[in-house]
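Colleague: To start, I am sharing the structure in question, which I have written as structure tokens.
The values are calculated or read from the model by the stated rules, or taken from the named source; none is laboratory data. For clarity, every value in this text was computed on a predicted model and none was experimentally measured. Note: ideal-geometry Cβ built from the backbone for every residue, glycine included; neighbour counts use all protein chains shown. Heavy atoms of the whole protein, side chains included, go into the accessibility calculation; ligands, DNA and RNA do not. Shrake-Rupley method; radii C 1.70, N 1.55, O 1.52, S 1.80 Å.
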Amino acid sequence: MAQPKYTTHLGMVDILPDDVRKWQYLENLIREEAEKFNLEEIRTPIMEQTELIVRGLGQLTDIVSKEIFSFSRGEDNYVLRPELTAPVVRSYVENHLDQRGGSQKLYYIGPMFRAERPQKGRQRQFHQFGAEVIGSDDPVADVEVIAFMIHIYNKVGIKNTTLKLNSIGDPESREKYKEALKSHLKPNFDKLSEVSQKRYENNPLRILDSKEEEDQPFIESAPVITDYLSEESLAHYNKVKEYLQDLDIEFEEDPYLVRGMDYYTQTAFELISPDLGAQDALAGGGRYDLLVEEIGGQPTPAVGFAAGMERLMIACEELDIQLGTAKEVDVYVVTLGDEARKWGLKQLPLLRSNNLSATMDYMGRSMKAQMKDANRENARYTLIVGSNELKEGKFTLRNMKESEEQSLSLEEIIEKLK
């Protein structure tokens, strides 16, 4: 077979028809369940101004420094969105969604782009779904976001999960903790990984995210942020835990689960699954009460999460969870001769107008080849028509699963299929 002249970009893959059915199933499930939670879908452009992402993610994060697709047009700088929290908040501010009244309960599904090294479950173009509740500082909002996240995985059939939970407090609490963490790390600064050394001054919380082997002894012995929470932050955290318990949502407190970006506050959470191996994260999020103001809006509390669609697919494969149903067509019109072919083509709109999926041969093949194609298309029935059937007004309807045939008028066939 000849080599293709053009191929996809590294880390970007075609989603072929058989897999698209799985994606559609998941997307439809997410939309149906989001409606039950009174969440509304929001769609933002895949391209955003570079400054928005830099402000939203911080200058020193790996995403900004080396993992975004960026380009310029004239004096304007753009990126392909690496995440959707900042774009959703930008839309909230730009379109004055606060004027709709109450908190805005939003969800999204869509592609993201990061120029990192491709790995299992993470391509350079990948997909996420998530939810953002903007305008409420109530712990109920935190818990509802977490409940929706877990509900989706339960609905799909992935129940072997662990919810990790922590609080990173308000800005004052976090600053106190940063100083305590830096004091803890300073005597062993030279033993830290190169990445952690870079993070030490400007983003020390990110050191707790490090997977580098040399950092682990210092992370494991580090002080815990919950010891530095203000009275108000501790009360918020306790309420979140109380409400989760009221909903019978189990959680595991992880004092080293943090969010490095300065706009994050209070609750931080992550959903993991052992079915994913070393890369076990399914979804994660937290409260980001400072982001709206940071990008030009009024001080507005918010909380949300993001989840990887590809990771979800992998977990389903590991657990042998079937997503959606196999391709199927209600009726395949098999025609013998030009007159029958013309008749069959004219009946397709009628069949479809009766809420039936219908198709026919596009290649002028023999009856045997058409029947074979009907099997390949997983047709429930074949409607066989030739010159005799046209004269009599009776057509052969063949049940392809049970190999049974009936001679019926077109009206009778439609009623039977409906």
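Let's see how each residue does on (1) open to solvent by 30 Å² or more (accessible area, probe 1.4 Å); (2) of a type outside the set (S, T, N, Q); (3) at pLDDT 95 or above:
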position	(1), (2), (3)
Lys346	yes, yes, yes
Ser353	yes, no, yes
Lys368	yes, yes, yes
Ala374	no, yes, yes
Arg380	yes, yes, yes
Leu408	no, yes, yes
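Colleague: Would you please list the contacts, defined by Cβ atoms under 7 Å and residues six or more apart or on different chains, that run from a residue in the range 20-32 that is within 13 Å of Thr325 (Cα to Cα) and open to solvent by 40 Å² or more (accessible area, probe 1.4 Å) to a residue that is assigned to a helix (DSSP H, G or I) and at pLDDT below 95?
Modeller: What qualifies is Lys22/Met313.
Colleague: To continue, here is another question. Just to be sure before I move on: is Thr335 modelled with pLDDT of 95 or more, touching an Asp or Glu at 6+ places or on another chain (Cβ under 6 Å), surrounded by 14 or more Cβ atoms within 10 Å (Cβ to Cβ) and farther than 26 Å from Arg21 by Cα in the structure I sent? Even if it seems obvious, please write down each step before you answer.
Modeller: Values: modelled with pLDDT of 95 or more: yes; touching an Asp or Glu at 6+ places or on another chain (Cβ under 6 Å): no; surrounded by 14 or more Cβ atoms within 10 Å (Cβ to Cβ): yes; farther than 26 Å from Arg21 by Cα: yes.
Criteria not met by Thr335.
Colleague: List every residue pair whose Cβ atoms lie under 6 Å apart, where the two residues are 6 or more positions apart in sequence or sit on different chains, the first residue falls within the range 392-412 and is over 19 Å from Trp343 (Cα atoms), and the second residue, located anywhere, is of a type in the set (A, V, I, L, M, F, W, C) and modelled with pLDDT of 95 or more.
Modeller: Cβ pairs passing all conditions: Met400/Ala379; Gln406/Leu397.
Colleague: Which residue pairs have Cβ atoms under 8 Å apart, sit 6 or more places apart or on different chains, and have a first residue in the range 66-92 that is small (Gly, Ala, Ser) and a second that is open to solvent by less than 30 Å² (accessible area, probe 1.4 Å) and assigned to a loop (DSSP other than H, G, I, E, B)?
Modeller: If the second residue must be open to solvent by less than 30 Å² (accessible area, probe 1.4 Å) and assigned to a loop (DSSP other than H, G, I, E, B), the pairs left are Ser91/Ile42; Ser91/Thr44.
Colleague: Can you find a residue in the range 238-251 that is buried (at least 21 other Cβ atoms within 10 Å of the Cβ) and either at pLDDT below 95 or within 23 Å of Glu175 (Cβ to Cβ) (or both)? Explain how you work it out, then say what you get.
Modeller: Here is the first cut: in the range 238-251, the residues buried (at least 21 other Cβ atoms within 10 Å of the Cβ) are 240, 244.
Adding the requirement that they be either at pLDDT below 95 or within 23 Å of Glu175 (Cβ to Cβ) (or both) leaves 240.
So far as the range 238-251 goes, yes, one or more of its residues are buried (at least 21 other Cβ atoms within 10 Å of the Cβ) and either at pLDDT below 95 or within 23 Å of Glu175 (Cβ to Cβ) (or both).
Colleague: Residues of the range 252-273 being assigned to a loop (DSSP other than H, G, I, E, B), open to solvent by less than 30 Å² (accessible area, probe 1.4 Å) and either of a type in the set (Ser, Thr, Tyr) or farther than 18 Å from Leu205 by Cα (or both), which ones? Steps first, please.
Modeller: We begin by selecting, within the range 252-273, every residue assigned to a loop (DSSP other than H, G, I, E, B); these are 254-264, 273.
Still in the list and also open to solvent by less than 30 Å² (accessible area, probe 1.4 Å): 257-258, 260, 263-264, 273.
Selection gives Tyr263, Tyr264, Ser273.
Colleague: If you don't mind, there's one more thing I want to ask. Considering only residues of the range 1-19 that are under 18 Å from the mean Cα position of the chain (by Cα) and in contact (Cβ under 8 Å) with a residue 40 or more places away in the chain, which is most open to solvent (accessible area, probe 1.4 Å)?
Modeller: Restricting to residues being under 18 Å from the mean Cα position of the chain (by Cα) and in contact (Cβ under 8 Å) with a residue 40 or more places away in the chain, the top hit is Val13.
Colleague: With respect to Glu214, determine if the residue is over 30 Å from Pro87 (Cα atoms) and either acidic (Asp, Glu) or more than 24 Å from the chain's Cα centre (by Cα) (or both).
Modeller: Working: over 30 Å from Pro87 (Cα atoms): yes; either acidic (Asp, Glu) or more than 24 Å from the chain's Cα centre (by Cα) (or both): yes.
Here the answer is yes, as Glu214 does meet what is asked.
Colleague: Would you mention how many residues in the range 202-226 are part of a helix (DSSP H, G or I), in contact (Cβ under 8 Å) with a residue 12 or more places away in the chain and out of contact with any His (no Cβ under 9 Å at 6 or more places or on another chain)?
Modeller: Within the range 202-226, the subset part of a helix (DSSP H, G or I) is 202, 204-209, 213-220, 225-226.
The next check asks that each one be in contact (Cβ under 8 Å) with a residue 12 or more places away in the chain; those that pass are 202, 204-209, 214-215, 218-219, 225-226.
When the remaining residues are screened for being out of contact with any His (no Cβ under 9 Å at 6 or more places or on another chain), the result is 202, 204-209, 214-215, 219, 225-226.
Residues that pass the stated criteria total 12.
Colleague: Still on this structure: Go through the range 348-404 and give me each residue that's within 12 Å of Val334 (Cβ to Cβ) and of a type in the set (D, E, K, R).
Modeller: Asp361, Arg365, Lys368, Lys372, Asp373, Glu377, Glu389, Arg398
Colleague: Here are the criteria: (1) surrounded by 21 or more Cβ atoms within 10 Å (Cβ to Cβ); (2) in contact with a Pro (Cβ under 8 Å, 6 or more places away or on another chain); (3) among the polar types (S, T, N, Q). Tell me which single one Asn160 does not satisfy.
Modeller: Of (1) surrounded by 21 or more Cβ atoms within 10 Å (Cβ to Cβ); (2) in contact with a Pro (Cβ under 8 Å, 6 or more places away or on another chain); (3) among the polar types (S, T, N, Q), only one is false for Asn160: (1).
Residues checked against (1) surrounded by fewer than 21 Cβ atoms within 10 Å (Cβ to Cβ); (2) in a helix (DSSP H, G or I):
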site	(1), (2)
Pro87	no, yes
His127	yes, no
Val133	no, no
Asp137	yes, no
Ala141	no, yes
Ile146	no, yes
Lys164	yes, no
Lys178	yes, yes
Lys182	yes, yes
